[in-house]
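S.K.: Next up is a structure, given as structure tokens.
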């Protein structure tokens, strides 16, 4: 092709980057589309996946006899 024969190395690199961006965007679109079509779950019936938050103990009144302060 005349396009690649007359283009400089920088222009060929830019075209390759543009093609890579378009290809990755197309792959991302297909991935999101397939994910939406395969996982149609009613959210009201789905179990919630919340985790309990651990409570941190108050250690202000605990004596730290094993600790040495310089």
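The values are calculated or read from the model by the stated rules, or taken from the named source; none is laboratory data. These figures come from a predicted structure and were not determined experimentally. Here Cβ is always computed from backbone atoms with ideal geometry, including for glycine, and neighbour counts include all displayed protein chains.
S.K.: Among the residues that make up the range 4-25, is at least one of them surrounded by 10 or more Cβ atoms within 10 Å (Cβ to Cβ) and modelled with pLDDT under 85?
M.R.: Scanning the range 4-25, I find no residue that is surrounded by 10 or more Cβ atoms within 10 Å (Cβ to Cβ) and modelled with pLDDT under 85, so the answer is no.
S.K.: Could you list, in sequence order, all residues of the range 33-46 that are exposed (fewer than 10 other Cβ atoms within 10 Å of the Cβ) and either closer than 30 Å to residue 2 by Cα or modelled with pLDDT of 60 or more (or both)? Full working, then the answer.
M.R.: Quick first cut of the range 33-46, residues exposed (fewer than 10 other Cβ atoms within 10 Å of the Cβ) only: 35-46.
Once the filter is applied, which keeps residues that are exposed (fewer than 10 other Cβ atoms within 10 Å of the Cβ) and either closer than 30 Å to residue 2 by Cα or modelled with pLDDT of 60 or more (or both), the range 33-46 yields 35, 36, 37, 38, 39, 40.
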